[in-house]
Every structure is written in C-alpha cells, then in structure tokens.
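*Asks:* There's a structure below that I have some questions on.
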Amino acid sequence: MAQVKCEVKGVFVAASDAATVPLVVLSDGSDRVLPIFIGIWEAVSINSAIKHELLPRPFTHDLFIDLCEKCAITLRFLQIDSIEDGVYYAQLVISVGGRDEYLDCRPSDGIALALRAGVPIFTDEGVMATAGQKDEDLPQVVDLAAFLEK
C-alpha cells in the first residue's frame, strides 16, 4: 500500500468519568486525522519534542538520539504500517553504514524520535483508511499542556 506523509497535530488528553487517556493525533493534511492512544510519559516526551524543550536531564528518547549521533546512525523516517486489534505497529527506519535497517517500535516512541531527529512520519494508507477519523469525530480532548497545568 501507499505511504501517506503525516504531521503531528498535537498531544491531547481524552478525559471521561471512567478514565483519562493521552493521545497523539496525526494529520495527513486532508480532513482525516489518526488518533493514537499512548502512555503519559510518551505523551510528555512527544510534547517536549514538539516544543523543542531542552530538559536538564535527557529523556530516553534524547539518549537514543545522542547514541545514534555518536555511532553514525542516521534516522531516516518512521512508518506506521499496520493496526491489528486496535494496536498500531510501526518501524523506525535507520541507516547504518549506508544500509537501511528496520526497527520494530511502538508508534509513540517512533514519533518522539522522529520529531527529535526532524525526520518524516508516514502512515500506510490502509491504516489511515481503517483508523482515520474526521477531526470533529474525535472524542472530547484537552491539549496536554493545558491538562498538566491544572
């Protein structure tokens, strides 16, 4: 299937009486968005990368980027390539010695790394067709930064 380039629209929290769940929302530039529910620490890391915040101590994602730089590993792109039973699967594509390698990763970790490295994020068209939604169909969400300020 074709790959669709996506941008991170934002990191949000969907809050209900039953639970509060963070999510990252990707946009393919059309009226479709792809919500991916993630953990709170991944949400904080992605939000930090979006805002280009430099923290006094590195997150694990910052450490990974530093390791890649020191070991001449180039991050090329992230591809979110499937969804099975509500679970997204992704691969981080890196270049080592001129050879591409594909690393299985959680989309949330891949997004945090892609943002830090400034590399593109792609989603398989089939994933977008299956799990993509119109913006207005998303659950009621609050921006993560606003939620954390409460």
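*Asks:* Answer yes if at least one residue in segment 89-108 is in a helix (DSSP H, G or I) and either touching a Cys at 6+ places or on another chain (Cβ under 9 Å) or over 15 Å from Ala131 (Cα atoms) (or both), and no otherwise. Spell out the reasoning first.
*Replies:* Taking segment 89-108 first, the residues in a helix (DSSP H, G or I) are 107-108.
Keeping just the survivors that are either touching a Cys at 6+ places or on another chain (Cβ under 9 Å) or over 15 Å from Ala131 (Cα atoms) (or both) gives 108.
Yes; the residues of segment 89-108 include at least one that is in a helix (DSSP H, G or I) and either touching a Cys at 6+ places or on another chain (Cβ under 9 Å) or over 15 Å from Ala131 (Cα atoms) (or both).
*Asks:* If you don't mind, another one. Among the charged types (D, E, K, R) and within 17 Å of Phe37 (Cα to Cα): does that describe Asp81?
*Replies:* Working: among the charged types (D, E, K, R): yes; within 17 Å of Phe37 (Cα to Cα): yes.
Against the criterion (among the charged types (D, E, K, R) and within 17 Å of Phe37 (Cα to Cα)), Asp81 qualifies.
*Asks:* Another one. Can you tell me how many residues in segment 113-131 are surrounded by 14 or more Cβ atoms within 10 Å (Cβ to Cβ) and more than 17 Å from the chain's Cα centre (by Cα)?
*Replies:* 1
*Asks:* Among the hydroxyl-bearing types (Ser, Thr, Tyr), closer than 21 Å to Ala49 by Cβ and surrounded by fewer than 17 Cβ atoms within 10 Å (Cβ to Cβ): does that describe Thr74? Steps first, answer last, please.
*Replies:* Working: among the hydroxyl-bearing types (Ser, Thr, Tyr): yes; closer than 21 Å to Ala49 by Cβ: yes; surrounded by fewer than 17 Cβ atoms within 10 Å (Cβ to Cβ): yes.
It is true that Thr74 is among the hydroxyl-bearing types (Ser, Thr, Tyr), closer than 21 Å to Ala49 by Cβ and surrounded by fewer than 17 Cβ atoms within 10 Å (Cβ to Cβ).
*Asks:* Restricting the search to segment 77-100, which residues are among the charged types (D, E, K, R) and either closer than 23 Å to Lys5 by Cβ or surrounded by 12 or more Cβ atoms within 10 Å (Cβ to Cβ) (or both)? Full working, then the answer.
*Replies:* Initially, segment 77-100 is screened for residues among the charged types (D, E, K, R), giving 81, 84-85, 99-100.
Scanning segment 77-100 gives Asp81, Glu84, Asp100.
*Asks:* As an exercise: evaluate Ala2 against (1) touching a residue at least 60 places away in the same chain (Cβ under 8 Å); (2) surrounded by fewer than 17 Cβ atoms within 10 Å (Cβ to Cβ); (3) closer than 17 Å to Glu149 by Cα and give the number of the one condition it does not meet.
*Replies:* Only one criterion is unmet by Ala2, namely (3).
*Asks:* While we're looking at this one, here's another question. Sort out which residues of segment 83-136 are in contact (Cβ under 8 Å) with a residue 40 or more places away in the chain and of a type in the set (D, E, K, R), and write them in order of number.
*Replies:* Start the filter on segment 83-136 by keeping residues that are in contact (Cβ under 8 Å) with a residue 40 or more places away in the chain, which leaves 83, 88, 106-109, 111-113, 115-117, 119-128, 130-135.
Arg106, Asp109, Arg116, Asp124, Glu125, Lys134, Asp135, listed by residue number.
*Asks:* Taking Gly98, is it over 19 Å from Ala145 (Cβ atoms) and either modelled with pLDDT under 95 or aromatic (Phe, Trp, Tyr) (or both)? Outline the logic, then answer.
*Replies:* Numbers: over 19 Å from Ala145 (Cβ atoms): yes; either modelled with pLDDT under 95 or aromatic (Phe, Trp, Tyr) (or both): yes.
So Gly98 passes the test.
*Asks:* Condition (residue is surrounded by 18 or more Cβ atoms within 10 Å (Cβ to Cβ) and either touching a Lys or Arg at 6+ places or on another chain (Cβ under 6 Å) or part of a helix (DSSP H, G or I) (or both)) applied to segment 132-145: is it met by at least one residue? If you could, list the steps in order and put the result at the bottom.
*Replies:* First pass over segment 132-145, keeping only residues surrounded by 18 or more Cβ atoms within 10 Å (Cβ to Cβ): 132, 141, 144.
Subset that is either touching a Lys or Arg at 6+ places or on another chain (Cβ under 6 Å) or part of a helix (DSSP H, G or I) (or both): 132, 144.
Yes: segment 132-145 contains one or more residues that are surrounded by 18 or more Cβ atoms within 10 Å (Cβ to Cβ) and either touching a Lys or Arg at 6+ places or on another chain (Cβ under 6 Å) or part of a helix (DSSP H, G or I) (or both).
*Asks:* Oh, and also: Might you check whether a residue that is within 15 Å of the chain's Cα centre (by Cα) and free of Cβ contacts under 8 Å to residues at least 24 places away in the same chain occurs anywhere in segment 66-82?
*Replies:* Filtering segment 66-82 down to residues within 15 Å of the chain's Cα centre (by Cα) leaves 75-82.
Filter once more, keeping what is free of Cβ contacts under 8 Å to residues at least 24 places away in the same chain: none.
Within segment 66-82, none of the residues are within 15 Å of the chain's Cα centre (by Cα) and free of Cβ contacts under 8 Å to residues at least 24 places away in the same chain.
*Asks:* Can you tell me which residues in segment 29-64 are surrounded by 12 or more Cβ atoms within 10 Å (Cβ to Cβ) and part of a loop (DSSP other than H, G, I, E, B)?
*Replies:* Listed by number, the residues that qualify are Ile38, Gly39, Pro58, Phe59.
The values are calculated or read from the model by the stated rules, or taken from the named source; none is laboratory data. Because the structure is a prediction, the values reported are computed rather than measured. Backbone-built Cβ (ideal geometry, glycine too); neighbour counts: all protein chains shown.
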